[in-house]
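Trainee: Take this structure, written in structure tokens, and hold onto it; I'll ask about it next.
The values are calculated or read from the model by the stated rules, or taken from the named source; none is laboratory data. Fair warning: this is a prediction, and the values are worked out from it, not measured in the lab. Here the Cβ positions follow ideal geometry from the backbone for every residue, glycine too, while neighbour counts run over all protein chains shown. Side chains included, ligands, DNA and RNA excluded: accessible areas come from the protein's heavy atoms. Shrake-Rupley method; radii C 1.70, N 1.55, O 1.52, S 1.80 Å.
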Amino acid sequence: MKKRLLLTAMPILIAMTALLVLLGSVGSVIPSLSASAVAAPQEMVPPTVASIDPTSAPNDIDTPIVITGTGFYPRLTGTLGIPPTAAYLGETALEEVTWVSSTTLRATVQWGLAPGGYTLTVVNFDGATASLTNAFTVTQGIGVWTSGGPYGGRVQFVTLHPEDPTTVYAGSQWGGLFESNDTGEIWQPILSAGWPTRLVFDAEDSDVMYCSGEGIYYTDDGGQTWEAIPQLFHAQNGCSTASAVAHPTDAGVIYAGTGGCADIPVLPGEGGVYYSEDYGANWETRNQGITDTDIVDITFHPADSATMVLATRSGNIFQTTDGGLNWELESTIPDDLRRIYINPYGANEAWALPEIDNLPPVEPYLYRSSDLITWEVITPTDDPQPSGGIRSLTFAGGEIWAAGDRGYFSDDGGVSWSGVIEPSQEPHGLRSFAIDPSDPTVMYAADSNRGVLKSIDGGANWWEINEGLAALTTRDLAATPGHPDLVYVETYENGLLRSANGGSSWQELGVRKSGPPKGKLIAVDPFVPTRVYYRQDCSGDGPCFWYSADEGSSWHEVAMPVPVTYTGRTGELTAIAAHPLVTGTLYANAGFYQDPSNSGARVEPCGIYRSDDHGESWGFLGPTIPISEVLDIAFDAVDPDLIYAATYGDGLWRSTDGGESWANVPISDTLSPVIVPAIVTHPDVPGKVYVRTYSHAESPNPEPELWVSENAGDTWHPLTYVFLGVDLLISPPESGAPPYSLYTGCEAGLCRSTDDGKIWEPVEGAPRPEFLAAAADDERAIVYMGTFGGLATSLGAQSAISSDTIPGRGSVLGGGVYRLTARLLNQRVYLPVILRAYTR
């Protein structure tokens, strides 16, 4: 942000005199200007202000605006245009006022204004003014967690309210349950429940809802508040699921089919069918006759609510005709199953959906039966698809809509099928459909990458409706040193995105890193802020990366040499970092795989590279013995040759000669193998470094430990234990800018220590982050966190809450990127402009 200057008063007479001199000069040097053009200012009419866009913004970032109206003068015939004298919000002059036309101005609302409503005033060169009262609202952004997405993500299901189809619900894989009250135009998170898979409504009171997946959550006020139903059974293998289904006619009656997870089955005596007739307050089992209690789905017969059918993970089909008191095995399908349906129309045939892996690609198929005993295989398409088969079915009249891949449609009972979404519209694996019963041309679809899609022409055309649907899976964050408004996020669903306004809006950059996340994916050059480095797959077999010199608008591929030791292997980067003290110097780690498809096993040898020319060329450094994957690279605050590498299994490594040689650094008495998933150096104290460790020698599921060293890792001291900690960050991330705070993810969300890790306290209003980043200029520091969603009292909360508490509406944060802006204590204070070329 440019510095705000305290203006002094200048009489209008001086401004007019200066303009006349200028006009005289113009007339002498540009003879083509007509006399009428020079005289045009005498014919000016007073300006008017019609609107401003946007109409509000938080006060922690600069916000570009567009002002529309009439009579924005002066304007001379030809190519010469002179901007207005000024534009103001209240008494504060806006920055970068740019004249576009007599009806349009552009300007920037600078950060730091006090919250409240402001009158917009435009002042022409001659002192003529126009104002628009209450034109712009400044909201509190400094010291408050704020998010603008990015929006979209992996949505598991979409469901319509049974009485009001303009109310739509979407369950996301990581971000919880979202609600829209305007047919999907705007979404808000209403429940942060891990992995919700379905939402059902009570038979008589639609304000009573049950959201199930990893557990069951209950609301009786339309989602204003939620209650977690106690776990119905304890899974000794550590993973359980629940599928709730409400009785179609009896109020308060609910069944739950329970079981294990995809690769973690329940043990004997676990799982089964649970029944409640008091809205889930009390439960009893109804497992008589069930010999397989790993249940994935239950459904009612549409013609007889006492008849129910259930499916188990291993393919067994059971039926009851007395409300679940007794069950009978009807058949076994030779596939693991995920869903069971009975068509409410026509012959009430049954449909079973098999559990299919995403890879290798196979033809999607499903099973159909008229008697639950014999099953026919139905194949909607002969084309192999890498989308995991059919995920759900939706029935509407005589139509069947199958969600999976790009979706399939049948109007003859499944005899023939046609695709729903054209490949040109880039579906990424549909999960469910919802059809408006009052207008069947209005449809919604849940997409595994693109969030929620909508069609208003019966499925012929689709577009994304994700405003407020913060459900993207963040995989890395990078903020730009010296330019804290410029931030990048890598997401599983949409690849790399960029925001130039602190995350208030995002732009997809058209690049995506495939495969599982490992170490740092993104780095921003600290000396050339437009230059970005991105760990990416490339055309050759050796390791490589991409760089952009224009903030990600275009990319260049750079290949790296394969060391002789690893000739014949495929190389892939696991982390990349830019040196903050040495211009043009980058470090990267690469793994060398005999079988590239097995890169996720993380057992192949790795080594470190260095570039001294902004990534144009690279040299392999070693170490002399192979190390495990490097997750992050950190640099000392003062010594440019002191570098650390945090690994996945081999602990911490250190170089004291700029990477030419490396040595393992024991961390106290921690036993190998040691994972160091997070590391940060103090920005103001040489030799001070913090790490988080997991020792798998102590336990197959170890608890994290935090350590600090004051002497570059020679000795270590434990810090206060923080459960479920992820990532580490110090802010402000600049030298000479105390006081410093240490941040980490924790069980309560985000935790902060202001005493060097001795005491940790939850940060107000913050969900649990997966990734942290920070940047500062000479006036403010911004902390960013990437989260899958979480629980907090509110964006402007006074305290964080524990993760086992389900708050009310407005208290849940979806997945995405959040920022927290703080003023630096040593910043200059700029007062608003108080002398203007006009008088009220």
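Trainee: Excluding ligands, DNA and RNA, what is the solvent-accessible area per residue of the chain at a probe of 1.4 Å, expressed in Å²?
Mentor: For the chain, the per-residue accessible area is 40 Å².
Trainee: Counting only protein heavy atoms and a 1.4 Å probe, tell me what percentage of the chain's accessible area is made up of carbon and sulfur.
Mentor: Carbon and sulfur: 52 percent of the exposed surface of the chain.
Trainee: Each label point is 7 Å from the Cα along the Cα-to-Cβ direction; what then is the distance between the points at THR249 and GLU710, in nm?
Mentor: Taking the simple label geometry, THR249 and GLU710 are separated by 7.7 nm.
Trainee: Here's another thing I want to ask about it. Using a cut-off of 16 Å between alpha-carbon atoms, which aspartates and glutamates can reach LYS520, once sequence neighbours fewer than 8 places away in the same chain are excluded?
Mentor: Result set, ordered by chain and number: ASP476, GLU490, ASP537, GLU572, GLU629, ASP632, ASP727, GLU770.
Trainee: Need the C-alpha centroid separation for region 144-183 versus region 288-367, integer Å.
Mentor: If you average the Cα positions of each part, the centres end up 28 Å apart.
Trainee: Roughly speaking, what is the stretch gain from GLN425 to THR133, that is 0.36 nm per residue apart minus the C-alpha to C-alpha distance, in nm to one decimal?
Mentor: Residue separation times 0.36 nm, minus the Cα-Cα distance, leaves 100.8 nm.
Trainee: Note down the relative contact order for region 494-601 as a percent, whole number, built from C-alpha pairs under 8 angstrom at least six residues apart.
Mentor: Relative contact order for region 494-601 comes out at 21 percent.
Trainee: Evaluate E = 1/(1 + (r/R0)^6) for ALA347 and ASP263, where r is the Cβ-Cβ distance and R0 equals 45 Å; express this FRET efficiency to the nearest 0.05.
Mentor: 0.80
Trainee: Kindly point out, ordered by number, any Cys in the chain whose beta-carbon has no other cysteine beta-carbon under 4.7 Å away.
Mentor: CYS211, CYS606
Trainee: What does the extension gain come out to for VAL685 and THR374, with contour length at 0.36 nm per residue minus their alpha carbon separation?
Mentor: 104.7 nm
Trainee: Let me know the shape class of region 357-475, please: from the alpha-carbon gyration tensor, a ≥ b ≥ c as square roots of the eigenvalues, rounded when a/c is under 1.5, otherwise prolate if a/b is greater than b/c, or oblate.
Mentor: It is oblate, given that a/c is not under 1.5 and a/b is not larger than b/c.
Trainee: Compare the peptides 253-264, 409-420 by average per-residue count of other Cβ atoms within 10 angstrom and give them in order, highest first.
Mentor: Taking the mean over residues of other Cβ atoms within 10 Å, the ranking is 253-264, 409-420.
Trainee: Counting only C-alpha contacts under 8 Å and six or more residues apart, can you give the relative contact order of the chain as a whole percent?
Mentor: 10
Trainee: Same structure, new question: With equal scatterers on the alpha carbons only and no solvent term, can you work out the Debye log10 of I(q)/I(0) for the chain at 0.05, 0.09, 0.11 1/Å?
Mentor: -0.34, -1.00, -1.30
Trainee: Now a separate question. Counting each DSSP H run of 4 or more residues in the chain as -39500 (n - 2.57), what helix-only mean residue ellipticity at 222 nm follows after dividing by all residues, to the nearest 500 deg cm²/dmol?
Mentor: -1000 deg cm²/dmol
Trainee: Give the calculated FRET efficiency between GLU557 and SER735 to the nearest 0.05, with a Förster radius of 41 Å applied to their Cβ-Cβ distance.
Mentor: E(calc), rounded to 0.05, equals 0.75.
Trainee: Let me ask something else about it. Modelling each spin label as a point 7 Å along the Cα-to-Cβ direction, I'd like the ASP595/VAL66 distance in nm, to one decimal.
Mentor: Here the modelled spin labels are 5.5 nm apart.
Trainee: Efficiency by 1/(1 + (r/R0)^6): what FRET value for VAL603 and VAL638, r their Cβ-Cβ distance, R0 = 35 Å, to the nearest 0.05?
Mentor: Working from the Cβ atoms, E equals 0.45.
Trainee: Once both axes come from the Cα atoms, what is the angle between helix 12-29 and the longest principal axis of the chain, in degrees from 0 to 90, rounded to 10?
Mentor: Once rounded, one gets 80 degrees.
Trainee: Which of the three applies to region 149-188, rounded, prolate or oblate, going by the alpha-carbon gyration tensor with a ≥ b ≥ c and a/c under 1.5 meaning rounded?
Mentor: Oblate is the answer for region 149-188, as a/c is 1.5 or above yet b/c matches or exceeds a/b.
Trainee: From the Cα gyration tensor of region 496-638, with a ≥ b ≥ c the square roots of its eigenvalues, which class applies: rounded if a/c is under 1.5, or else prolate if a/b is larger than b/c, or else oblate?
Mentor: prolate
Trainee: Points 7 angstrom from Cα along the Cβ direction at VAL100 and SER672: gap in nanometres?
Mentor: 6.2
Trainee: Continuing with the same structure: Counting Lys +1, Arg +1, Asp -1, Glu -1, what net charge surrounds VAL489 among other residues with beta carbon under 15 Å of its beta carbon?
Mentor: -1
Trainee: Among 376-383, 572-579, what's the highest-first ranking by average C-beta atoms within 10 angstrom per residue?
Mentor: Highest-to-lowest ranking by the protection proxy: 572-579, 376-383.
Trainee: As a test, work out the antiparallel percent of DSSP beta bridges whose residues both lie in the chain, rounded to the nearest 5.
Mentor: 95
Trainee: Compute the length gained on full extension between CYS239 and ASP221: take 0.36 nm times their separation in residues and subtract their Cα-Cα distance, giving the result in nm to one decimal.
Mentor: 3.5 nm
Trainee: Distance between the C-alpha centers of region 383-435 and region 610-682? Whole Å please.
Mentor: 49
Trainee: A further question on this structure: Rank-order 90-96, 174-180, 613-619 by packing density, defined as the average count of other C-beta atoms within 10 Å over each peptide's residues, highest first.
Mentor: Taking the mean over residues of other Cβ atoms within 10 Å, the ranking is 174-180, 90-96, 613-619.
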